[in-house]
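All remarks here apply to the structure that follows.
Derivation of every value follows stated rules applied to the coordinates shown; laboratory data play no part. This structure is a prediction, so every number in the text was calculated from the model and none was measured. Because the Cβ atoms are built from the backbone with ideal geometry, glycine has one as well, and the counts that use them run over all protein chains shown.
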Amino acid sequence: MSKREEKIYSPDVGWKDITHGGTITTAGNAELFLTGDWRSMKPVWLKDKCKQCLMCYYVCPDTAILIDENGKRIDFNYNHCKGCGICYKVCPFKAIDFVNEI
Amino acid sequence: MAIRERLSGNEAVAYAMKQINPDVVAAFPITPSTEIPQYFSAYVANGEVNTEFIPVESEHSAMSACIGAQAAGGRAMTATSANGLALMWEMLYIASGARLPIVMACVNRALSGPINIHNDHSDSMGARDSGWIQLYSESSQEAYDNMLMAHRIAEHPDVLLPVMVCQDGFITSHAIENIELLEDEKVKEFVGEYKPAHYLLNKENPIAIGPLDHFTHYFEHKRQQAEAMRNAKKVILEVADEFYKLTGRKYGYFEEYKTDDAEVCIVVLNSTAGTAKFVVDKMREEGKKVGLVKPRVFRPFPAPEIAGALARFKAVAVMDKADSFNAAGGPLFTEITSAVLAHGATGPKFINYIYGLGGRDVKADDIEFIYNKLLEIAAPGKVDSIYNYIGVRE
């Protein structure tokens, strides 16, 4: 996404530059919408217990769990974690803890 | 050469829609606008238009279908009245908020309850803050002309707002009048092709319409929408100017009738202006300096222009065919008086008459009574009552 495109969807955009009626004219801009500040509970990845089964990756409704080039999950991207707790619930190995956001 | 015809207001609007040949018409029948989709569906059945006609199950669906069609990249039109317009309510705001230049024929009828099928302006006046441009029409000729200009205004890149063309139910919608029509090719050339910058069926540039719009962006979208309504003022005059060159028929924000040396003036919308012109002519013969201002454009509201036009009179009566139930005056009255105050005109005394609710006939005598009241106030007398009713039984 170009700098200009990032600007028209950013929270700083003025009314003269914003798109008509909120129409989104480029793909891939959900990344710019940071949902992490909705969170009141926080998942914590316990790397030692993780078997890399990737159940958490499939159930995450946002993009808070990403996998690297080797197909392994990496730590949470908290910018996109709303704290829904689904990953914590599905983890068969108790490799995800769920704690209060402080 | 223009075509001379005899058409009712509904026929004139349906004929304009035939000449425009939109991509989609989605409508649900409701008195007194029923004939518009009825005539139009005959054009569809006869193969005279290429339009996809959607006989929806409600007006909410009619407006929803128009929104979908327009967002997809087509030109969508509909017609409705009264409770049909009320049922569209939610979608009216979505059409304007999504900046979709849909065109609707609104055949004005009283809103229930109690149930009534006759003319007043409570339907479109209720939708006055829905973000739609509103054009009002005195006759079937004006309804036809406004329909032809509507897309040009709505689709202008500086505007992109839906337009509602209003006319009086039964009074003009069902009365057959002489009318001058344009040839099909001239309409086609004047209205032109609809070329949206972004649309859903454009596979080269996919878009999303109607996203969740929180406190971070909604205000900017509304500010931008408000600017579009301001821009519409300029575009309305440009389109009217082009239309004048094509037809010789002149349109502005409002029409002034015998106001040059007038001391008192009535402001009234739609067909009642015709009755008022008859009264003005009669009273002028008696040497009384009376005039008329008939607004055509209610949204955007031409506040400084109308304040400027009214500033020179001694007394002005604004006639409203809808009550605001605000204990302060009808919608046209409160808009006009606030415009006059905001733009610094202090001369005229203003009074308001609510008239003709639910299709109650307004007679030449009623209008003459109001002019005589104004002449008394201008004498100079005092205003004993600002917010009044005419034609209601006490």
Between the range B:64-95 and the range A:68-100, the alpha-carbon center distance in angstrom: 44 Å
Rounded to 10°, Cα long-axis angle of helix B:364-378 versus longest principal axis of chain B: 60 degrees
Count of Lys pairs (Cα-Cα under 29 Å; at least 8 positions apart or interchain) in chain A: 25
Whole-Å semi-axes of the ellipsoid equivalent to chain A (Cα gyration tensor, √5λ, descending): 32, 15, 10
Cα gyration tensor, the range B:332-394 - rounded (a/c under 1.5), prolate or oblate: oblate
Fraction of beta bridges assigned by DSSP in the protein assembly as shown that are antiparallel (%, nearest 5): 30 percent
Charge-dipole axis of the protein assembly as shown as Lys and Arg at +1 and Asp and Glu at -1 on Cβ define it, positive-most pick from B:Leu148, B:Ala197, B:Ala62: B:Ala197
Dipole magnitude of the protein assembly as shown, debye to nearest 20 (Cβ charges: Lys/Arg +1, Asp/Glu -1, about Cα centre): 1160 debye
Dimensions (Å) - the protein assembly as shown, Cα atoms, principal axes, largest first: 101, 56, 43
Percent antiparallel among DSSP beta bridges (both partners in chain B, rounded to 5): 20 percent
DSSP-defined beta bridges in the range B:254-390 - what % are antiparallel, rounded to 5: 20 percent
Unpaired by the 4.7 Å Cβ criterion, cysteines found in chain A: A:Cys50, A:Cys53, A:Cys60, A:Cys81, A:Cys84, A:Cys91
Two-decimal log10 I(q)/I(0) for chain B, as the Debye equation yields it once each C-alpha is a single scatterer, q = 0.14 Å⁻¹: -1.22
Prolate/oblate/rounded label for the range B:82-195 (Cα gyration tensor, a/c 1.5): oblate
Entries in B:Lys245/B:Lys294; B:Lys195/B:Lys321; B:Lys277/B:Lys382; B:Lys222/B:Lys245; B:Lys245/B:Lys363 that, when Cα-Cα distance is taken, lie over 32 Å: B:Lys195/B:Lys321; B:Lys222/B:Lys245; B:Lys245/B:Lys363
Cα centroid separation, the range B:346-380 to the range B:168-206 (Å): 37 Å
